[in-house]
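A.B. asks: Input: one structure, supplied below.
The values are calculated or read from the model by the stated rules, or taken from the named source; none is laboratory data. Just so you know, these numbers come straight off a predicted model, no measurement behind them. Cβ sites come from the backbone with ideal geometry, for glycine too, and all protein chains shown count toward neighbours.
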Amino acid sequence: MSQFIENAREIFEAAESSAAAGMPSADYTILMKSAQGGIHMIANSDWSLGALQQAHGAQVAYRVSHQNGRVKVEGREGQRTCHMEAEAAHETAQFLLNSTPSWHARPAYVALLAA
């Protein structure tokens, strides 16, 4: 796995853990200027990742955002991008509680099998 994707995964897991622990969520962007370090963080920027990279001379950029209990991480390194997103726990629970079990056969489907 590339360092770009590995960093995105680690950032995503940290943001998800923070949200699950009920810590206050803030949207922020992480800019990495070189492979040796050089990290710059910006809170609540509405600039695109590409524009932030260019303005700050960063090689890699990651944006962490929170909306309606969801955690999202977007990453950009040159022409490569990634996107990781987790649904809020209450959305997952609601989906599971309201969904039809996969083993539940519908009458029309049963009729086709019997024909």
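A.B. asks: So Val73 ticks every box in (1) in contact with a helix residue (DSSP H, G or I) (Cβ under 9 Å, 6 or more places away or on another chain); (2) without any contact (Cβ under 8 Å) to a residue 60 or more places away in the chain but one. Which box is left unticked?
C.D. replies: Every listed condition holds for Val73 apart from (2).
A.B. asks: Restricting attention to segment 3-54, report how many residues are free of Cβ contacts under 8 Å to residues at least 12 places away in the same chain, hydroxyl-bearing (Ser, Thr, Tyr) and within 18 Å of His83 (Cβ to Cβ).
C.D. replies: 1
A.B. asks: Could you tell me which residue of segment 71-104 is modelled with the highest pLDDT, considering only residues that are farther than 30 Å from Gly38 by Cβ and either among the charged types (D, E, K, R) or surrounded by 11 or more Cβ atoms within 10 Å (Cβ to Cβ) (or both)?
C.D. replies: Glu87
A.B. asks: Shifting gears a bit: Name the residues in segment 6-18 that are surrounded by 13 or more Cβ atoms within 10 Å (Cβ to Cβ), more than 12 Å from the chain's Cα centre (by Cα) and closer than 19 Å to Glu77 by Cβ, would you?
C.D. replies: Asn7
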